[in-house]
1. Kindly list, by first and then second residue, each pair from a residue in region 190-208 that is within 23 Å of Ser40 (Cα to Cα) to a residue that is of a type in the set (Ser, Thr, Tyr) and open to solvent by 20 Å² or more (accessible area, probe 1.4 Å), limited to pairs with Cβ atoms under 6 Å and residues at least 6 apart or on different chains.
2. Mind listing just one residue for me: the one in region 273-288 that is open to solvent by 20 Å² or more (accessible area, probe 1.4 Å), modelled with pLDDT of 85 or more and among the hydrophobic types (A, V, I, L, M, F, W, C) and, of those, farthest from Asp438 (Cα to Cα)?
3. Has region 321-343 got at least one residue that is in contact with a helix residue (DSSP H, G or I) (Cβ under 7 Å, 6 or more places away or on another chain), modelled with pLDDT of 95 or more and under 18 Å from Ser285 (Cβ atoms)?
4. Assess whether Thr204 counts as being of a type in the set (Val, Ile, Thr) and part of a helix (DSSP H, G or I).
5. Return the total of residues in region 209-221 being open to solvent by 50 Å² or more (accessible area, probe 1.4 Å) and in contact (Cβ under 8 Å) with a residue 12 or more places away in the chain.
6. So Ala20 ticks every box in (1) open to solvent by less than 50 Å² (accessible area, probe 1.4 Å); (2) among the small types (Gly, Ala, Ser); (3) not in a loop (DSSP other than H, G, I, E, B) but one. Which box is left unticked?
7. Just need a number here: residues in region 230-246 that are open to solvent by less than 10 Å² (accessible area, probe 1.4 Å), closer than 24 Å to Ser187 by Cβ and in contact with a helix residue (DSSP H, G or I) (Cβ under 7 Å, 6 or more places away or on another chain).
8. Is there any pair with a first residue in region 240-255 that is part of a loop (DSSP other than H, G, I, E, B) and a second that is at pLDDT below 50 and open to solvent by 30 Å² or more (accessible area, probe 1.4 Å) whose Cβ atoms are under 6 Å apart and which are 6 or more apart or on different chains, and what are they?
Amino acid sequence: MYSRDEIKALTDKVLNMTKADAVEVNFDGGERSATRWANSSITVNMVQYDQQLTLNVRHGAKQGSASTREFDDESLKAMVDEAQQAAQKARDNPNLPPLVKGPQDYMPVDAVLPKTADFGPGERAAWVKQSIDICEKKGVLGAGFIPKQYQTTCLTNSEGLFGYYQYAETGFVLTCRMASGGGSGWSGITGAKDLSQVNVAELTEIAANKAFKSQKPRAIEPGRYTTIIEPRPMARLLSAMMGAFNAGGGGGGGFGGGGGFNFGGVGRPFVAADGTPKIGQKLFSDNFTLKSDIGNPILRQTPIMPDGLAAKPVTWIDKGVLKNVYSDAATARRQKVAPSTANPAMSLVVEGTNQSIEDMVKTTKRGLLVTFFWYLRPVDTLTLLNTGMTRDGLFLIENGEITGPVQNFRWNMSPLVAFANISAVGTSVPIHTGEAYDGPGTALVPAVRVEDFYMTSVSPAV
C-alpha cells in the first residue's frame, strides 16, 4: 500500500506544479480497521481507507495551505490554486522556520511485517474466538478491541527533502466481567508490529482471572499506600507529565504524533524561575530512566521529526537526573540553543528490568496492586497534580502475597511525586499512553512500585 516510488512520483508531481519561493507537501494515507466484541460476541468489524495530500506554499513571509483527498490532475491543480490564493491573502509571518534542506540520513526502520499488513477481519475473528473460548471456560464475559493500522506518511519539500515512513501494527485489549457484574479484570497490548507479540491466550487468562478474583472486595481505609502500578495505569500517569518537557512553555500539542500525551496547559516544573532548564538536577528516583529510543526494535516508530529532520536517540531522564528538555526549531532560535533531535512523543521508553509483577509483590510488606486507571483529569497544572480512579481489579498485598480484592479508590497524585517515589521497576511492554488504544501514543512502559501513593476516597467503580 502506497509504495515509496508511488508516493515519490505523486509528491514530485505536486512540487513541479507549484510555483512559489518554498513548497512543502505532506502525505498521509492507509487503512484503519478494527474488531470489537462484547458479551463474548463480535459486535462490529470496521475498516476505513483514507488518503490526504496537504500543500504549504510560501511567497516571502506569506504562507498558504490547502489539501485534497483526490489525486487526479484536476484535483491536484485545484489544491495548488487554493494554497496560492491563501498565501496571497495571508499576513506576513516573520517567524516562519526555514525548510529542511536536502536529503536526511534517517535511521532505517522496518515497520511493516507482511503478516501484520495483511491482518484482516478473518484473523481478528480467530483471535476473538480463542479469547471467548477461554472466557467461557472461566465463566466470565469478555469485551474487547483489536485495532489494526497500515499507514504511510511522507514529508517532502522544494529543498530536496523526502521523508517516507510506513508501518503496520495491531493490538489486543480485553475487559472481562463476571455475569453478576461483581468482578472485573483488564489486560492488553498495543502498537504491536509483530503478531507474535500478541499472546491472546495469556492476555485472556490475565483478564479473566482478575475478574474472578476481584469479586466481593473488602473495604479498607483511604490513605497513602505502597502501590504496584501495572503498565497500563503507569502509561496513563506518564502521559500527564510529558508536556512538562517542552522548553517553550507547555503549549498545546506541540510535539506532533503524540496522540497519547497531555501537552496542553501544563506547568514548567523542569524550568527554573529564571527560565533555565533544570538540566543535571536530580528530580526523580534512581529507578526512573526515560528515553526516546529512535529505532527501538520493538516500537519501530518513525525516525522522522515533524519538520523533516532525522530523529536521533535522546535520554530525557537518566536514573532520576534530568538530562534534556524539548526545544523545537522556533524555541531553539529564541533561546539560542540547538533544537532537540527527538521529542518525548517519539519512540518513548521507560527503562525496565527483568522483574515480574510477582517479584515486586513478594518484596512488598503491605500495599496495593493496581490494574487500571481511568478518567484522569488535571487538578493543578503547576504541580501536575492529577486525579483519577482505579478499576478492573484492585488487590491488597500483605507480607508478600495478594490476600484479596479491595474496593476501588479515587486518587490524587502528581507524576512528579510518583516517579520520585519509585522503589521497584518491572519489565517494559508496549502499551498506549492515551485514553484510546490506537493511533500515535504507544510507548514501552513497565509496572512500577510507588511509595506513598495517595488514595483519597472510595470509588464505586467495578
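1. Hits for this filter: Thr190/Tyr437.
2. Among those residues, the one meeting the criterion is Ile279.
3. Narrowing region 321-343 to residues in contact with a helix residue (DSSP H, G or I) (Cβ under 7 Å, 6 or more places away or on another chain): 325-327, 338-339.
Pick out the ones that are also modelled with pLDDT of 95 or more and you get none.
For region 321-343, residues in contact with a helix residue (DSSP H, G or I) (Cβ under 7 Å, 6 or more places away or on another chain), modelled with pLDDT of 95 or more and under 18 Å from Ser285 (Cβ atoms): absent.
4. On the way: of a type in the set (Val, Ile, Thr): yes; part of a helix (DSSP H, G or I): yes.
Criteria met by Thr204.
5. Pass one, region 209-221, residues open to solvent by 50 Å² or more (accessible area, probe 1.4 Å): 209, 212-213, 215-219, 221.
The next check asks that each one be in contact (Cβ under 8 Å) with a residue 12 or more places away in the chain; those that pass are 209, 212-213, 215-219.
Total meeting the criteria: 8.
6. (3)
7. 3
8. Ala240/Asn262; Gly252/Gly264
The values are calculated or read from the model by the stated rules, or taken from the named source; none is laboratory data. Every value quoted in this text rests on a predicted model; they were computed, and no experiment measured them. Neighbour counts are summed over all protein chains in view; Cβ atoms, including those assigned to glycine, are modelled from backbone coordinates with ideal geometry. We work out accessible area using only protein heavy atoms, side chains counted, and drop any ligands, DNA or RNA first. Shrake-Rupley method; radii C 1.70, N 1.55, O 1.52, S 1.80 Å.
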